[in-house]
1. Please report the net charge: other residues with Cβ closer than 13 Å to the Cβ of PHE111, K and R +1, D and E -1.
2. Just rank HIS7, HIS95, fewest to most, by other beta-carbon atoms within 10 angstrom.
3. In nm², what is the average projected area of the convex hull enclosing the Cα atoms of the chain?
4. Hey, what D do you get for the range 56-126 in µm²/s if you plug the Kirkwood alpha-carbon radius into Stokes-Einstein at 4 °C and 1.567 mPa s?
5. How long is the gain from ILE103 to ALA82 if the chain were fully straight, where each residue apart is worth 0.36 nm and the alpha carbon distance is subtracted?
6. Once both labels are modelled 7 Å past Cα along the beta-carbon direction, what's the ILE41-GLU96 spacing in nm?
7. Treat the count of other C-beta atoms within 10 Å as a stand-in for reagent exposure and order LYS25, LYS64 from fewest to most.
Amino acid sequence: MKNIALHSLLVLAFSILLISDFFPKFPVIGALPVSFLFVVIIVIYIVMFITKAIDSRDPLYRFKTQLFLTTYLVVMVFALTALGGESELGITPYHEIFWFIVIVSFGDLLFQWRRVKRHRTMNPED
């Protein structure tokens, strides 16, 4: 349960950070300072490591987590752009850097998937 709660908080914090970047004049979210959101994200990660909510030894867990977060963030960028938002930081589907990061992330997912398959063949009882 702590995994779901902490991961949900992390996704919520990233969502608020993206929304505040795309819509800085949004009444409630735009009023939150970016530095505060970064501190919240760092604190969530620290709590996740302390409580062992992140199981870095399980390759399937890492794969699923990265797949979800990468897909979620890409969808959020597209949705916020489609809603008329404009990133103050330049995070946009029209930049080559955005696509480079997406391709590298999905390339890393491909290598992680191979690691998951290799782990499953070596440890069929997992």
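Coordinate-derived values only; no laboratory data. Quick caveat: nothing in here was measured; it's all calculated off a predicted structure. FYI the Cβ positions are ideal-geometry reconstructions off the backbone, even for glycines, and counts take in every protein chain you see.
1. +4
2. Ordered from fewest to most neighbouring Cβ atoms within 10 Å, HIS7, HIS95 come out as HIS95, HIS7.
3. 8.9
4. For these conditions, the coefficient is 94 µm²/s.
5. Gain on stretching ILE103 to ALA82: 5.4 nm.
6. Placing both labels 7 Å beyond Cα along the Cβ direction yields 2.5 nm.
7. Listed from fewest to most nearby Cβ atoms, that is LYS25, LYS64.
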